[in-house]
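Working notes, structure below.
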Amino acid sequence: MTTKPQNVQAVSEPAFDAHHPPAAGLIDKCVHCGFCLPTCPTYALWGEEMDSPRGRLYLMKSGLEGRIGMTERFVGHFDACLGCMACVTACPSGVEYGPLIEDTRAQIERRFPRSAGERLFRKAIFMLVPYPRRMRLALLPAVLYRRIQPLLAQSGLLDRLPHRVRALARLAPPVSIRGLTARTPGRTPASGERRLTVGLLTGCVQRLVFSHVNEATIRVLAAEGCEVLAPPAQGCCGALAVHAGRAEEARAFARRTIEVFETSGVERVVVNAAGCGSSMKEYDRLLADDPQWAERARAFTAKVRDVTELLVELGPPRAVRRRMDLRVAYHDACHLAHAQGIRAEPRELLRQIPGVELVPFAEGELCCGSAGIYNLLEPEPARQLGKRKLHHITDARPDVIATGNPGCTLQLLSVAAEEGTPIRVVHPIELIDEAIRGQGRMPG
């Protein structure tokens, strides 16, 4: 039985206006069965009904019916949501939580007066992260910071910083000058007979912090007979803006992405970042009200594939995988497993590597706390979830962790460093690349 929030009452101004509020028809599919509760990260942390999916659906319904306004308490429950979509996987009634939380957050961003400091912090994130050139400059100090981070941690100086600054410091990515200056080749020919021409989304964080993942992706695709194009004019796909409720920004990024890949003439658009792929597969919904772009968005969406998804579609591998004796803990990135429904494909590809053993661990469905920019906006619950995830994984004693999203990689590396737990975190495509090249790293 659902517990109702105590602050729901008649209000002079309802929470939502008429511009794309969360859809009542989608909300009404919820039967309050509670299957979502154990899968929800915030409910797992706090046990609060209004910080569960069905509680948030009740708040949406109350907002639609004018029984609650856009109060700080109301907004707080939605800010606390990671948008991990684990509830979608668990729901037997087929509630589409993704569009509901996105529409709710878009209303919040337009209608809720956040504090000046909060507005400034969020604006700074979105002025930097989606723009690789700006991010490249912003990340230059991180090259030095990574060298002195242990010394700063020992000194206790980091603990005296404001909580969000501490979160930024903990999440400082493992950048290098090589990574920040790496350039993805515009065209890489297929090895042997060409099977497909694909376009690669190089990403924002991925191209700067994890350029080696893009390089491995290109090598594996080429080895499997794909000509790989990486249009240099591409920018941000808009995923972070979608998840934060910045709908107009997201649409602008989506139009640009569609235009760039249309011009390249590729047969598939390949993504190696779960959050990006999830959003790009929903461009048709994002641009459904735009008559000039709706059909183009549908055509584009049909071409988008996660890299593991595409490799399985191609069929039996061409390139020989050499033996790698590794125990691998595969962590499901939420926007790959829950939002895209891709679970079997990465595991199938890893099992194709002789000697690889996939090791299970507890609470595999629970989010690691990364969730786009959640670990920046809500650092403490993100940190708790990250430690919880890391402890479960390390209990399984893997040699390496594999995951398909840069945010998850940064989150796990961050909590591992804080806990003093040496562990390697990679994208599955890196292990496949190493097996093909015979450069697999042995344990230790």
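The values are calculated or read from the model by the stated rules, or taken from the named source; none is laboratory data. What you see is a predicted model; the values in this text were computed from it and never measured. Note that each Cβ is placed from the backbone with ideal geometry, even for glycine, and that neighbours are counted across all protein chains shown. In case anyone asks, the SASA skips ligands and DNA or RNA and just uses the protein heavy atoms, side chains included. Shrake-Rupley method; radii C 1.70, N 1.55, O 1.52, S 1.80 Å.
Tabulated values for the structure
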| item | result |
| --- | --- |
| Overall Cα dimensions of region 283-373, principal axis frame, Å, largest first | 53, 35, 18 |
| The chain, relative contact order [Cα under 8 Å, separation at least 6], % | 14 |
| Extreme residue, positive dipole direction of region 330-444, given options Leu366, Ser414, Gln352 (C-beta unit charges) | Gln352 |
| GNM top mover of Ala244, Ala396, Ala106 - the chain, alpha-carbon springs below 10 Å | Ala396 |
| 15 Å reach of a label modelled at Arg183, 7 Å along Cα-to-Cβ, counting backbone N of region 217-237 | 230-234 |
| Inter-site label distance for Gln292 and Asp28 at 7 Å from Cα along Cβ, in nm | 3.6 |
| Residue with peak Gaussian network fluctuation, the chain [Cα springs, cutoff 10 Å], from Leu201, Leu57, Leu314 | Leu314 |
| Calculated from backbone phi, Karplus (6.51, -1.76, 1.60) coupling profile of region 177-193 in Hz, x at Gly/Pro | 4, 4, x, 5, 9, 5, 10, 7, x, x, 9, 10, x, 6, 7, x, 5 |
| Sparse-neighbour loop sites [trypsin sites (Lys or Arg not before Pro); region 387-444; at most 14 other C-beta within 10 Å; DSSP] | Arg441 |
| Rounded Å value of the spacing that divides the Cα centres of region 183-245 and region 24-39 | 37 |
| Computed accessible area, Val129, all protein chains, 1.4 angstrom probe, square angstrom | 30 |
| Estimated 222 nm signal from helices in the chain, with DSSP H stretches of n ≥ 4 weighted -39500 (n - 2.57), rounded to 500 | -14500 deg cm²/dmol |
| Relative contact order (percent, whole number), region 301-444, Cα cutoff 8 Å, 6+ residue spacing | 31 |
| Span from the region 268-289 Cα centroid across to the region 48-67 one, whole angstrom | 27 |
| For region 262-367, size of Cβ-based charge dipole, Lys and Arg +1, Asp and Glu -1, in debye | 540 |
| Spatially proximal lysines relative to Lys281 (Cα-Cα < 17 Å; intrachain offsets below 8 disregarded) | Lys303 |
| Residues of region 300-435: accessible area per residue with a 1.4 Å probe, Å² | 35 |
| Carbon/sulfur fraction of accessible area - the chain, other protein chains in place, 1.4 Å, % | 55 |
| The chain: most fluctuating residue of Leu240, Leu311, Leu208 per GNM, C-alpha cutoff 10 Å | Leu311 |
| Share antiparallel - DSSP beta bridges, the chain, percent rounded to 5 | 10 |
| Spherically averaged projected area in nm², based on the convex hull that wraps the Cα atoms of the chain | 21.2 |
| Student exercise, the chain dipole from Lys, Arg, Asp, Glu Cβ charges, in Debye to nearest 20 | 1280 |
